[in-house]
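The values are calculated or read from the model by the stated rules, or taken from the named source; none is laboratory data. From a predicted model like this one, the values you see are computed outputs, not experimental measurements. All Cβ positions, glycine included, derive from the backbone under ideal geometry; neighbour counts span all protein chains shown.
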Amino acid sequence: MVLNKLISKIPDLPLYLEAIIVILCSITATFIGLILGGIALPLLQVIAIVPFFLKNVWNWRLWRASGLVLLWSLVLTISVAAASYGIGCSIDHVSRVIKGQSYLSEMIHWIETGEGPEGDPSLFIMPKIIEISLFSIITFLTVGIGGLFMGAILLNYMNLYYGTVIYMANGDLNAILFGWPIYAIIRVIGYVFLGTYLSRLAMNIVEKKPLNQLFTGTARKLLITALILIILDFILKATIANTLYQPLLNSIIDQEKLTICKQIIKGIT
C-alpha cells in the first residue's frame, strides 16, 4: 500500500530522540516562519511534527503520538508567545500571523468590555461547532496532516494574543498564568486526541483494515476522552470566561499599552 510504503521510510526512533528533534525543529521552524510570515509559519511548524505523528499513529502508539503533538503545541506556545511579548504590539509582527490581527482585536475588545464571543455562548457555540466539524473533516481526509496545519494556525494567533497580553500586563505573573485560560488548554488537548483518533480511522480505511479496532481499547479511550474534553471546554468557556478571566485580565492590563495596541491594530486594517 502507498501509505504503508511512505510511512515505512520514516525512522522509528526512541521517544526521547523524537521529543528532542520535535523541540529543536519546532523552535527553528517558528523562528524562520515568523521572519517569512503568512502561510510559511504554520507550514514549517507542521513539518517538524508530521513524520513522528504519522509513524506513531501507524504503529498504534496513539497516546505517544498525542503526547508528541502536545509537546509540539507547548513549544509553539512558548516560542510565539515569547516573540510576541518581546516584540510587543508591532504592525509587522501581528501581520505575519494568519488571523492575528482580527483575533487580537476581538480579544482586546473583550478584555476591555466583556463583550464578544469569548464569553457569550450565543456568539461562540455555532462557530465552535463549525470549527470542530471542519477540523474533523480536514483531519480525516488528510490522515491528520491538514488537522495539524489547522491546529498550527489556531495556536499561532492564540499565542500571539497570549504574548501580547503578557506584554500589556508588563509581565505580570497573573497574565502568564491566566492569559491562556484553562478551557482553551482543555480544548487543545481535546482537539489533539480527536485528531489522533481520526487519523488512525483514516489509516484503517485507506489500508482496508477492520474498523472495529477503533471502537475498543486505546482508540476508544482516546475518542471518549477527546469528546469529554471538548464538551468541558464549552461548559467552562460559557461559565468562567466573563466571570473570572475577563475581570482578572482587565485589572492587570496597562491601559496605556492597551490603547497603543488598539491603535496599531487599527492601523493594520
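Miscellaneous remarks
- Unique residue being part of a helix (DSSP H, G or I), modelled with pLDDT of 95 or more and farther than 30 Å from W63 by Cα when the list is L249, L229: L249
- Here S95 passes the criteria (1) surrounded by 16 or more Cβ atoms within 10 Å (Cβ to Cβ); (2) farther than 30 Å from T218 by Cα; (3) among the hydroxyl-bearing types (S, T, Y) except the one numbered (1).
- Pairs with Cβ under 9 Å, 6+ apart, first in the range 14-38 and over 23 Å from I98 (Cβ atoms), second in a helix (DSSP H, G or I) and of a type in the set (G, A, S): L15/G67; A19/G67
- Just one of the listed residues (G114, G147) is farther than 25 Å from G33 by Cβ and in contact with a helix residue (DSSP H, G or I) (Cβ under 7 Å, 6 or more places away or on another chain), namely G114.
- Here the range 42-79 is the region considered, the condition is being surrounded by fewer than 20 Cβ atoms within 10 Å (Cβ to Cβ) and of a type in the set (A, V, I, L, M), and the residue that is nearest to N159 (Cα to Cα) is I78.
- Residues satisfying the stated conditions in the range 91-133, i.e. under 16 Å from A81 (Cα atoms) and either aromatic (F, W, Y) or touching a His at 6+ places or on another chain (Cβ under 7 Å) (or both): Y103
- Tally of residues being under 18 Å from P117 (Cβ atoms) and surrounded by 14 or more Cβ atoms within 10 Å (Cβ to Cβ) across the range 236-261: 11
Conditions tested, residue by residue: (1) under 14 Å from the mean Cα position of the chain (by Cα); (2) of a type in the set (A, V, I, L, M); (3) surrounded by 17 or more Cβ atoms within 10 Å (Cβ to Cβ).
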{"site": "G86", "(1), (2), (3)": "no, no, no"}
{"site": "Y103", "(1), (2), (3)": "yes, no, yes"}
{"site": "G119", "(1), (2), (3)": "no, no, yes"}
{"site": "S122", "(1), (2), (3)": "no, no, no"}
{"site": "G147", "(1), (2), (3)": "yes, no, yes"}
